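Everything on this sheet refers to the single structure shown next.
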Amino acid sequence: MAVLTKELKKDLLKTIIKIRRFEEKTIQLYQIAKIWGYLHPYIGEEAIAAGACAAISKSDYIISTHRGHGHSIAKGADLNRMMAELLGKATGYCKGRGGSMHIADTELGMLGANGIVGGGIPISVGAGFSCKMEGKGRVAVCFFSDGATNNGVFHEALNMAAIFSLPVIYLCENNMYAISMCSDDAIACRDVAKRSAAYDIPGVIVDGTDPEAVYNIVSKAVQRARSGKGPSLIEAKTYRFGGHHPNDPAEYRDKSEAEYYKKEKDPVVNYKAKLLEEKVISPEEIDGYEKEIIQMVEQSVKFAEESPEPSLEQFLEEVRSI
Amino acid sequence: MREIEYREAIREAIIEEMNRDSKIFLIGEDIGKYGGAFRAYKGLLDMYGPERVINTPISEATIVGAGIGAAVTGYRPVSELMFIDFTTLAMDQIVNQAAKIRYMTGDNLRCPLVIRTQGGAGRGVAAQHSQSLEAWFYHVPGLKVVMPSTPYDVKGLLKTSIRDDNVVIFIEHKMIYLNKGVVPEEEYTIPFGVADIKREGSDVTIFTYSNMVFKSLEAAKELESEGISCEIIDPRTLVPLDEEALLNSVKKTNHLVIVTEACERGSVASDISAKVTSKAFDLLDAPVKIVAGLNTPIPYNSTLEQASIPHKADIVKAVKEVLGK
């Protein structure tokens, strides 16, 4: 079992802050229409991507969702290329063709964010087969939401991953809402983790606002997967701080509920406090992180703004070859 | 030259490719000991083992999704959907995922995936096992659509499909698995987008594919005895489409009949008719005629089923009409 070293803890904090500041910036840019289309911020859920991606290596795969910026960042994506993609520029991860919901990169083992809820889950089975056939101990972490678990493909895929003992970690980010539908009203057994019983695989619940807890539980599942014992289902309980997207005021949920989570369960605030209390980090170091990250985010905006638009001629040329 | 069955030609293509490239694997329902619903994979489990011949539960979306996930991570899967009617269960994976993934990610993810399936009526298996749904896939940018009619074509095109770096919808016809045809022993492949002239002629062009090639050949034979010479163009791949071969033939015959088993509304046939009409109106001496299936769910009763798809007599009649005879 991997040990949570001081360095690792600091890295977790850095990743969480990086995701938060990046997302805050994307919301600003969305509000002034520099980013258009759909934007689904990951604010409040940062600890899951940070913890999970710290528990795997660069060569492992991740499969992401429509709320996927955090997964890309935690897997090591370049903020410049991410921001360029969000601004639809030629230098973006997808050359401006994908936008927020479709960032992917083979180098990072990032097999794609996805505009279809649950759409990535069957793909994870293929990544799992690939890892197993290759025989080098590689694993895949498949992120999805509580909403996706009510889609038929969730059941198809987990069943298939289980019967073939595929090295896939199914990581449900239960942020309590599928747009406006509360998961308590949508999931018959309430806890997604309980659904693991149907596939005879481990199913565990973890506090998705605690990066160390996520790291530990995912590490265990990774170890199981690497040793050929097959998939696991992890349900990380979390909360979507904002609405479904920046223009959604989330009037369907109780204000006090959101206030509670923002006050008590903010992963950025809580993890900073924890590391300060443990004396893993000093307030000065945290300030340093913040400054460095804010600068990186600003730099990504500058890079994106200065980047060229995709070429229309090239687009029309490519269309003929599709 | 030796003659083998269509399904044997499929099996040969698969064996040759799997022997050539260890990254190729098969995944689908009842493809293990059962050897596939049409026995095209007979014996392959014993030859390649369960790691490369993956026999799955009834989970169509995941059969395709698993193909995508493996394809984008360096493998070359052949996902099998037992009936084209079952693609409905996998449509998100085919249309929103597979068809989009390479383009949408700016070439970041390549998806060399073949989705093998079969369609068509004639076996009394009614409305949910007899459809001709090629137009759905023809319509979606990002998919190649292959519909081979002969054992020679199916072998050469399946090999090309497996080697292609993109998503290929490979549609066979359930009534032709036992058809025999010449297939050379030596290795060969057939490029996409190259039509085959199944019969040369001078009076009328019949553009047709899959099982309707054979009904058109029968019609051409009958018409020949009446002094009408038909040229039969089999595009073999609908996407990409060999428009040049079609237009060249029309240039020669000045008459076009398109024959398809699918119902006409929103069909590949009506699209091709529109293409020829807009690009080569001056070449046509008469309006293009389409011979298509009826606009109906395929019935079970044999008489009704046969009445719902084109036959030799329908093609003969259409050819005469287009020639004003």
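The values are calculated or read from the model by the stated rules, or taken from the named source; none is laboratory data. Since the structure is predicted, the reported quantities are computational estimates derived from the model, not experimental observations. Using ideal geometry, Cβ is built from the backbone for each residue, glycine included, and neighbour counts are taken over all protein chains shown. With ligands, DNA and RNA removed, areas are computed over all heavy atoms of the protein, side chains included. Shrake-Rupley method; radii C 1.70, N 1.55, O 1.52, S 1.80 Å.
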Checking A:104, A:127 in turn, the sole residue that is under 16 Å from residue A:57 (Cα atoms), facing another protein chain (nearest Cβ under 10 Å) and surrounded by 23 or more Cβ atoms within 10 Å (Cβ to Cβ) turns out to be A:127
Of the residues in the range B:58-80 that are open to solvent by 30 Å² or more (accessible area, probe 1.4 Å) and more than 23 Å from the chain's Cα centre (by Cα), the one that is farthest from the other protein chains (Cβ to nearest Cβ) is B:58
Taking the range A:230-249 and keeping residues within 21 Å of residue A:206 (Cα to Cα) and not aromatic (Phe, Trp, Tyr) leaves A:230, A:231, A:232, A:233, A:234, A:235, A:236, A:237, A:238, A:240
* To do: Check the range B:275-286 and report whether any residue there is buried (at least 20 other Cβ atoms within 10 Å of the Cβ) and touching a residue at least 60 places away in the same chain (Cβ under 8 Å).
  => no
If you go through A:158, A:166, the only one that is open to solvent by less than 10 Å² (accessible area, probe 1.4 Å), touching a helix residue (DSSP H, G or I) at 6+ places or on another chain (Cβ under 6 Å), in contact (Cβ under 8 Å) with a residue 24 or more places away in the chain and assigned to a loop (DSSP other than H, G, I, E, B) is A:166
Here the residues within the range A:142-153 that are of a type outside the set (Val, Ile, Thr), under 16 Å from residue B:59 (Cα atoms) and in contact with a Gly (Cβ under 6 Å, 6 or more places away or on another chain) are A:151
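Condition check ((1) part of a loop (DSSP other than H, G, I, E, B); (2) of a type outside the set (D, E, K, R); (3) in contact with a strand residue (DSSP E or B) (Cβ under 7 Å, 6 or more places away or on another chain); (4) more than 30 Å from residue B:107 (Cβ to Cβ)) across all residues:
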{"site": "A:236", "(1), (2), (3), (4)": "no, yes, yes, yes"}
{"site": "A:258", "(1), (2), (3), (4)": "no, yes, no, yes"}
{"site": "A:270", "(1), (2), (3), (4)": "no, yes, no, yes"}
{"site": "A:279", "(1), (2), (3), (4)": "yes, no, no, yes"}
{"site": "A:285", "(1), (2), (3), (4)": "no, no, no, yes"}
{"site": "A:290", "(1), (2), (3), (4)": "no, no, no, yes"}
{"site": "A:309", "(1), (2), (3), (4)": "yes, no, no, no"}
{"site": "A:316", "(1), (2), (3), (4)": "no, yes, no, no"}
**Q.** Test for residue A:54: is it without any contact (Cβ under 8 Å) to a residue 40 or more places away in the chain and open to solvent by 10 Å² or more (accessible area, probe 1.4 Å)
**A.** no
- Query: Is it true that residue A:176 is more than 22 Å from residue B:78 (Cβ to Cβ), open to solvent by 10 Å² or more (accessible area, probe 1.4 Å) and not aromatic (Phe, Trp, Tyr)?
  - Reply: yes
Within the range B:15-42, residues among the small types (Gly, Ala, Ser), open to solvent by 10 Å² or more (accessible area, probe 1.4 Å) and either in contact with a helix residue (DSSP H, G or I) (Cβ under 8 Å, 6 or more places away or on another chain) or within 11 Å of chain A (Cβ to nearest Cβ) (or both) come out as B:22
Being open to solvent by less than 10 Å² (accessible area, probe 1.4 Å) and either outside the structural domain of residue B:151 (by TED's automatic domain parsing) or at pLDDT below 95 (or both) narrows B:298, B:258, B:290 down to just B:258
Can you confirm whether residue B:88 is among the hydroxyl-bearing types (Ser, Thr, Tyr), within 13 Å of another protein chain (Cβ to nearest Cβ) and under 30 Å from residue A:92 (Cβ atoms)? no
Within the range A:1-27, residues polar (S, T, N, Q) and more than 20 Å from the chain's Cα centre (by Cα) come out as A:5
The lone condition residue B:7 fails out of (1) under 26 Å from residue B:127 (Cα atoms); (2) among the basic types (Lys, Arg); (3) surrounded by fewer than 20 Cβ atoms within 10 Å (Cβ to Cβ) is (3)
Within the range B:137-170, the residues that are away from chain A (no Cβ under 14 Å) and out of contact with any strand residue (DSSP E or B) (no Cβ under 9 Å at 6 or more places or on another chain) are B:156, B:159
Out of curiosity, is residue B:237 farther than 15 Å from residue B:250 by Cβ, β-branched (Val, Ile, Thr) and open to solvent by 60 Å² or more (accessible area, probe 1.4 Å)?
-> no
